[in-house]
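The values are calculated or read from the model by the stated rules, or taken from the named source; none is laboratory data. On a predicted model such as this, the values are computed, not experimentally measured, just so you know. Ideal geometry is used to build each Cβ from the backbone, glycine not excepted, and the neighbour counts take in all protein chains shown. Remember, those area values only see protein heavy atoms, side chains included, never the ligands or the DNA or RNA. Shrake-Rupley method; radii C 1.70, N 1.55, O 1.52, S 1.80 Å.
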Amino acid sequence: MREMTSSEPRSITKKQVSIGQLLLSIFKYTSLVIVSFISIFPFVWMILGMTNTAVDISSGKLMIGENLVINFQNLFSNDLNFSRSLLNSAMIAVVTTIFALLISSMAGYGFEIYKSKRKEVVFNILLLSMMVPFAALMIPLYRMFSQLNGTILGINSFLVVILPSVSTAFLIFFFRQNAKSFPKDLVEAARLDGLKELSIFFRVYLPTAKNTYAAAAIITFMSSWNNYLWPLVALQSPDKRTVPLVLSAMGASYTPDYGMIMSGLVIATLPTALVFFVLQKQFVQGMIGSVK
């Protein structure tokens, strides 16, 4: 009989390891495919739905239909004025994002750079405010703004929706955490060069925190664009409705046109998806606190 050489068990072991790695890879990629399909299926169903009629959608049809043009015509020609709501949401989201980034970043920068005995107490109180749900703040906010009716800060004004979101505890905390990695020596060097504090913030700190601003911009824009509860309370005129309010009104009708609703959902999803995909690299780097 042929004697087994010492190299044969070693080759058998290598084969077993390679088979094990192959099975592990198959399991891993199969799991990823299943999870990806579950995640993306609602978007696929939404895109297919905007090409079908309400009857086809209710019956569960998962094929491309021929009702796309009619759905878009119904969407932009109904009494809810969907095109106006797009402009309203865009204006609110853009203005909120710009002011939120400016005010919250200055607050986070100040909490980290400037030393004060009472600073931590104020910051801890600010963090505690994150525990209060917004639903508990709606009645006080409504009473406060309703007393300013007749002015630009009265109920049914876009500023009523924008102001509560321009400075949030989360954004201030987020900017402060990222400011911790900012080299403090640059601040001292800028002061020695004669720069004032605002110039140091805009000319030294801000250019190094682009990733942080990108991440905060995505979070703020998506939150403002998808905001539903407070605009529902504060904006009472039909011509000032935002996209979530109009889409909700479409679904609340006696006989909802699901094809038209799906078309509106696809259009409403595009701005946030576009912002995220454009800034996704900076978003990841900003969330892990990188400052370059």
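Tabulated results
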quantity	calculated
Cα-projected label distance for I34 with L87, points at 7 Å along beta-carbon direction, nm	5.0 nm
Euclidean distance between Cα centres, segment 55-77 to segment 126-195, Å	42 Å
Set K184/K210; K180/K281; K117/K210; K119/K210; K115/K180 screened for pairs whose C-alpha atoms are more than 24 Å apart	K117/K210; K119/K210
Sum of -39500 (n - 2.57) over DSSP H runs of 4+, divided by residues of the chain (222 nm, nearest 500)	-22500 deg cm²/dmol
Surface share of carbon and sulfur [accessible, 1.4 angstrom probe, percent] for the chain	69 percent
Solvent-accessible surface (1.4 angstrom probe) belonging to M144, in square angstrom, nearest 10	100 Å²
Relative pair counts by distance (%), Cα atoms of segment 158-265, 10 Å bins	11, 29, 23, 17, 12, 5, 1
Anisotropy class of the chain from Cα gyration tensor, a/c 1.5 cut	oblate
Solvent-accessible ranking of F202, F111, largest area first, probe 1.4 Å	F202, F111
3J(HN,Hα) from dihedral phi, segment 210-216, Karplus parametrisation 6.51/-1.76/1.60, rounded to Hz, x for glycine, proline	4, 5, 5, 5, 5, 5, 5
Relative packing of peptides 35-42, 165-172, 69-76 - highest average C-beta neighbours within 10 Å first	165-172, 69-76, 35-42
Which of S59, S237, S83 is most accessible, then next, and so on - probe 1.4 Å	S59, S83, S237
